[in-house]
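Notes follow the structure.
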Amino acid sequence: MRIKNVVIIGSGTMGSGIAAHLCNANIPVTLLDLKTEIAEKAKERILKSRPPLLFEQSKINSLKIGNITDHFDTVSNADWIIEAVVERIDIKHKIYDLIFKKRKKNSIVSSNTSTIPLKILSEKLNDNDKKDFCITHFFNPVRYMGLLEIVREQINDKKKINLLKSFCEDKLGKGVIICGDTPGFLGNRIGVYAMQIALTEAIKMNLSVEEADAIFGRPMGIPKTGVFALYDLIGIDLMSDVLKSFKKELPENDQFQKVVEDLPIIKKLIETGYTGRKGKGGFYRINKSDGKKTLEALNISKNEYYPSKKIDLQIKKINLLKLINRNDKYGAYAWSVISKIILYSSSLVPQITKEYNDIDEALRLGFNWSMGPFEMLESIGVDNFFSKIGKIKNNHFLEDLKKKNLKKFYDERQKYTNIQTLAKTKKLAITIDKNDSAEIFRFKDFNIVEFNSKANALDYNSMDALMKATDKPLVIINESMQFSAGVNLNYVMEFVQKKDLKSVEKFVKYFQETCKHLKYCKHPVVSAPSGLALGGGEEVVMQSNYVVSHTNIVMGLVETIVGLVPAGGGCKELLWRWTQSDQAKRDPDFAPLKVFDIIGYAKTATSPQEANPLLFLDKNHEVIINRNNLLPAARSFIAKNKGLVSPQKCKFRLSGEQVRKKMKKILEELYNSKKILDHGMDVGKELAYVLSGGDTNLDKEVTEDQMYKLELDSFMKLLQTEKTQKRITHTLKTGKPLVN
């Protein structure tokens, strides 16, 4: 049996999200709801979604819509039928009665529920139907969240479950973990508990919402949203409903029961319409006054809002042992939260899973944690944990660990998949060099460089690692959410504030030398981006020999937003690609004008499919839907291209002043219509000078090195202006662009 046709019943957030991702995989899917108009609106939401649920808009062509009255017969042709209706068991049972009367033999039927146990969902089914029925718990947003939990019972047809697992891994790119039928399964059981512990401990210890979010965030390897902001994002009322479900389903002696009760502040917020971002606000709100927007935070004890304060813990790297040993309230809070998460998670082994690794992976894939509870324990150190925690009661996992007196206990990562992933490979590799921004691993006959700074921003150390790693074939890849958000602007601004522009120039030159070295290296260099590949990150990708790209990427040369021009070869490389087009061969000004438009507007692509027409990716790339397959695909390229021929050197024929006049005319129109202001005009002129080839004409040849020099000169000229410095400072402080 193969899954070639899918029907989804229920076009809400999850139903439409699953439908969109099946469209991404080019799987024909029919989306049904009570009325066709409801499904039609879901289709419109998919097309307008931000961030986009589709790799490209044309993917929607795989979707058909209808209603369960007139179009239910489509179920009889489906290989997989997914129920995604409201979380009411009476409604679900009625739907199953209809499905199992209509479905074809051997089809798979699943529910996307996150709260109702499988045994309750299937209680009215006969044994034959139960064999083909399971829970497929996707996480929202479906395109971006890696986790899919398949919940099954002993009666299930194991071949069907494995077929479904393989399909969802290969076609949908999911990290599929098979779970038993326990409340909350793996991800939500631990993830929601962790949120509740973080919230209740913060209130108990009288921390502000900003303080708690600052700790229960990046310092712990958890997304920067923190806990209170995450509550607002999910919806305070929805979280309340989730907790009620856990209270109902969990045994009375479960430690989770201690944190499921609604707190007085939660009840008050819900009653007054403060349900989070979808309501009037929540633990945070935006206050509009005198035409200005101010982010405010809630003082929980006083139930009053005040201007939100940025909490700087002076933590640049994740170091859990250092964090929990801090001699202040932040250290005490971190230890209280982390220790309780470890205690609770370990108490559930083997009750909810025999593989403790699966709990960690569920948190990585479903909540974007950089390490799960057991990796946290390994990071802290078993001895350190036991010395701080004291006596362990009725926790067989920890008791056994203590008895064995192991210093290290963690075995293989990512047991849920047979793919030889980056995480598995790193366990077997040798670390041959490491600095504050990157690490070099050697595995057999190739090297891996993994960036490890905040958002993998690039600095001198990053370039140093890349340079040192090219003595063998090289794969540039990482496990974190972003490939690289670009050059580390904090690093640059530290030199600017010291008036040490020579150090900035030295760094940019080294960046250029490194990128050029990667491009013409005698060994293959493969970039494997996922997440953000912006600015300098995109320049590294563009000047690699080959790109193995995950479907969930954001690519672009966005330097103009902060008042700069790309200076690591981005202008040069994108211009070179466009000069190879048929239009450029007919019109010498076509390529410069095209690139002026792309870089000038800081255009970005949110998938490889969107990156192709902008030429952020050229023909030397492949697209991978399952992130776990990035490294195997990169290794495959290296194995086939050991005698790689260096690419052709870039040589340009540019019209100089001729095309600059056209660019200046575009800038004047934008300025007159107030789409750009004074500094926007200055940045545009510098970009125009670079892309036109400077003082040249069509009779002269412009070399690659001359283009690098033009980029560097314009970058340094703009960096010295007060307005560019204001743009950079504003962006670093607020995360938003400044138009000046």
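What the table below lists for this structure:
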read-out: Some residue of the range 201-211 being basic (Lys, Arg) and in contact (Cβ under 8 Å) with a residue 60 or more places away in the chain; value: no
read-out: Criterion violated by MET1 - all others in (1) within 19 Å of SER607 (Cβ to Cβ); (2) not assigned by TED's automatic domain parsing to the domain that holds SER114 satisfied; value: (1)
read-out: Single residue of LYS288, LYS317 found to be among the basic types (Lys, Arg) and either in contact with a Pro (Cβ under 7 Å, 6 or more places away or on another chain) or assigned to a loop (DSSP other than H, G, I, E, B) (or both); value: LYS317
read-out: Residue match in the range 379-387 (condition: aliphatic (A, V, I, L, M), buried (at least 19 other Cβ atoms within 10 Å of the Cβ) and either within 27 Å of the chain's Cα centre (by Cα) or not in a helix (DSSP H, G or I) (or both)); value: yes
read-out: Condition check for VAL85: in a loop (DSSP other than H, G, I, E, B), assigned by TED's automatic domain parsing to the domain that holds ALA25 and touching a residue at least 40 places away in the same chain (Cβ under 8 Å); value: yes
read-out: Candidates GLU439, GLU361, filtered to the one that is in contact with a strand residue (DSSP E or B) (Cβ under 8 Å, 6 or more places away or on another chain), at pLDDT 95 or above, of a type in the set (Asp, Glu) and surrounded by fewer than 22 Cβ atoms within 10 Å (Cβ to Cβ); value: GLU439
read-out: GLU704 being in contact with a Cys (Cβ under 9 Å, 6 or more places away or on another chain), outside the structural domain of GLY535 (by TED's automatic domain parsing), under 23 Å from VAL547 (Cα atoms) and not aromatic (Phe, Trp, Tyr); value: yes
read-out: Index of the failed condition, GLN414 passing every other in (1) under 25 Å from GLN196 (Cβ atoms); (2) outside the structural domain of GLY226 (by TED's automatic domain parsing); value: (1)
read-out: Which listed residue, of ILE338, ILE324, ILE315, is among the hydrophobic types (A, V, I, L, M, F, W, C) and surrounded by fewer than 21 Cβ atoms within 10 Å (Cβ to Cβ); value: ILE315
read-out: Some residue of the range 708-724 being at pLDDT below 95 and not in a helix (DSSP H, G or I); value: no
read-out: Unmet criterion (only one of (1) in contact with a Pro (Cβ under 8 Å, 6 or more places away or on another chain); (2) modelled with pLDDT of 95 or more; (3) basic (Lys, Arg)) for LYS642; value: (2)
read-out: Wholly enclosed strands (runs of 3 or more DSSP E) of the range 487-587 bearing at least 1 residues out of contact with any helix residue (DSSP H, G or I) (no Cβ under 8 Å at 6 or more places or on another chain) and buried (at least 24 other Cβ atoms within 10 Å of the Cβ); value: 531-534
read-out: Residues satisfying the stated conditions in the range 248-267, i.e. within 28 Å of ARG285 (Cβ to Cβ) and charged (D, E, K, R); value: GLU261, ASP262, LYS267
read-out: Test result for LYS35, surrounded by fewer than 18 Cβ atoms within 10 Å (Cβ to Cβ), modelled with pLDDT of 95 or more and over 28 Å from the mean Cα position of the chain (by Cα); value: yes
read-out: The range 253-280 - residue that is in a helix (DSSP H, G or I) and of a type in the set (A, V, I, L, M) and, of those, surrounded by the most Cβ atoms within 10 Å (Cβ to Cβ); value: LEU269
read-out: Residues of the range 48-79 classified as outside any loop (DSSP other than H, G, I, E, B), surrounded by 15 or more Cβ atoms within 10 Å (Cβ to Cβ) and not polar (S, T, N, Q), total; value: 8
read-out: Tabulated pairs, the range 640-659, first at positive phi, second β-branched (Val, Ile, Thr) and crowded, with 18+ Cβ neighbours inside 10 Å, C-beta under 8 angstrom, 6+ apart or interchain; value: GLY656/THR696
read-out: Out of LEU654, LEU687, LEU630, LEU670, sole residue that is part of a loop (DSSP other than H, G, I, E, B) and not β-branched (Val, Ile, Thr); value: LEU654
read-out: Residue in the range 1-32 that is nearest to the chain's Cα centre (by Cα), counting only those that are in a loop (DSSP other than H, G, I, E, B), surrounded by fewer than 24 Cβ atoms within 10 Å (Cβ to Cβ) and modelled with pLDDT of 95 or more; value: ALA25
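Residues are listed down the side, and each one gets a yes or a no for (1) surrounded by 20 or more Cβ atoms within 10 Å (Cβ to Cβ); (2) under 32 Å from the mean Cα position of the chain (by Cα); (3) aliphatic (A, V, I, L, M):
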{"residue": "LYS105", "(1), (2), (3)": "no, no, no"}
{"residue": "SER122", "(1), (2), (3)": "yes, no, no"}
{"residue": "ASP170", "(1), (2), (3)": "no, yes, no"}
{"residue": "ILE177", "(1), (2), (3)": "yes, yes, yes"}
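The values are calculated or read from the model by the stated rules, or taken from the named source; none is laboratory data. All values reported here derive from a predicted model rather than from experimental measurement. Cβ atoms come from the backbone with ideal geometry, glycine included; neighbour counts cover every protein chain shown.
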